[in-house]
1. Which of the residues spanning region 289-305 are of a type in the set (A, V, I, L, M), farther than 12 Å from residue 338 by Cβ and modelled with pLDDT of 95 or more?
2. In region 122-133, is there at least one residue being of a type in the set (A, V, I, L, M, F, W, C), closer than 29 Å to residue 336 by Cβ and either out of contact with any Phe, Trp or Tyr (no Cβ under 9 Å at 6 or more places or on another chain) or assigned by TED's automatic domain parsing to the domain that holds residue 282 (or both)?
3. Within region 235-247, take every residue that is in a helix (DSSP H, G or I) and free of Cβ contacts under 8 Å to residues at least 24 places away in the same chain and give me the one that is surrounded by the most Cβ atoms within 10 Å (Cβ to Cβ).
4. Here are some residues: 201, 223, 210. Which one is farther than 14 Å from residue 173 by Cα and either of a type in the set (Lys, Arg) or without any contact (Cβ under 8 Å) to a residue 60 or more places away in the chain (or both)?
5. For region 274-308, what are the residues that are among the basic types (Lys, Arg) and closer than 30 Å to residue 96 by Cα?
6. Out of 196, 281, I need the residue that is closer than 30 Å to residue 93 by Cα and under 18 Å from the mean Cα position of the chain (by Cα). Which one?
7. Checking residue 326 against (1) within 19 Å of residue 180 (Cα to Cα); (2) assigned to a strand (DSSP E or B); (3) not aliphatic (A, V, I, L, M), which test does it fail?
8. Report the residue count in region 125-139 for those that are farther than 17 Å from residue 327 by Cα and in contact with a helix residue (DSSP H, G or I) (Cβ under 7 Å, 6 or more places away or on another chain).
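The values are calculated or read from the model by the stated rules, or taken from the named source; none is laboratory data. Predicted model, so just to flag it, every value in this text is computed and none were measured. Here Cβ is always computed from backbone atoms with ideal geometry, including for glycine, and neighbour counts include all displayed protein chains.
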Amino acid sequence: MTGKIIHKPATIRDVARLAKVSIGTVSKALNDSGKLKPETRARVIAEAKKLGFRPNDLALSLHRGHSLTVGVITTDSFGRFTMPIVEGLEAQLSDGGISVFLCNATDDREREARHVESLLGKRVDGIVVTARRSDRRPALQVPVSRVPVLYAFSQTDDPDALSLLPDDEGGARRATEHLIAVGRRRIAHVTGPEHFEAVQLRRDGYRAALKAARVPAPAGYFLAGAWSEAWGREALDRLFVRGRSVPDGIFCGNDQIARGIIDGLRERGITVPDAVSIVGFDNWEIIAAATRPPLTSIDMNLKELGREAGRRLLERIAGARLRGVHRLPCSLIVRESCGAGRPDRRET
């Protein structure tokens, strides 16, 4: 049996490397703009044709009269959620020669306002707002109305705003359905602080999956606490009470909680996944891959969310009136902790 070879499309970086010029020079040559030597322009165009490179038509149409820069304002100091989003955003915008400026506001409104002022001074074509959690926040104050703003892994009460978020409820439902599919019928959900919207949505997805499969949700099987390994261990003390039916599957609200639960089960001599199957949420690979056994987890596909943010922002820069909250699907990354057989596969 032979596998099908998938060729990735050429990028502007590939053209620049073969033509031995900068990405900016490639952008100017293909857009027929800027002051370039005729032989340089011809060489770039020839290499682009050889590679079959087709630049983003929408991005090219925006070149004249724009700075080809976009700002990102975040409150995610550690970059856990922001960096994959920015990676996807840059990947989507780079073929149009558009650069990204990243600013960290650290939940400081005055600092955020200074960043906005600085970005407007650079004449950015748009601003993406992101954060370390997807809860609602005050709308970004941008005094220049022509500069479009998009929220990615963040949202606001502004009815005219455009927000892109992961589908927390759908991801939780997928995790719970997977535990049911591997034969678990006593499934608990241990998660973070209940006032977070993501926690509420994941709880709803968990309960919806149990209801659809007619699997009971005993009292005490939903536990909300901190986003920490310590809370995962503490939750076990509440779940594994002598004389009470104990869970054979646990869906965790994040990977840190899941790791704490797996460590706690090991200390009790309870094997994972033989006795208890575990599924986490976030697919934080530095934790999920290092957990023993490796952790099955829900991936929020933040890089793809960043790509989609780039596509939508280009449309808004071009004048499209886009608004509303759009939730993008999550994926299930199957590893050994759930007992589903062949590990390390993605189910979308």
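1. If the condition is that a residue be of a type in the set (A, V, I, L, M), farther than 12 Å from residue 338 by Cβ and modelled with pLDDT of 95 or more, then 300, 302, 305 are the ones that fit.
2. To start, the set of residues in region 122-133 that are of a type in the set (A, V, I, L, M, F, W, C) comprises 124, 127-129, 131.
Pick out the ones that are also closer than 29 Å to residue 336 by Cβ and you get none.
No; the residues of region 122-133 include none that is of a type in the set (A, V, I, L, M, F, W, C), closer than 29 Å to residue 336 by Cβ and either out of contact with any Phe, Trp or Tyr (no Cβ under 9 Å at 6 or more places or on another chain) or assigned by TED's automatic domain parsing to the domain that holds residue 282 (or both).
3. 238
4. Checking each option against the conditions leaves just 223.
5. 303, 307
6. On the way: 196 fails: closer than 30 Å to residue 93 by Cα.
Step by step, each of 196, 281 is checked, and only 281 is closer than 30 Å to residue 93 by Cα and under 18 Å from the mean Cα position of the chain (by Cα).
7. (1)
8. 3
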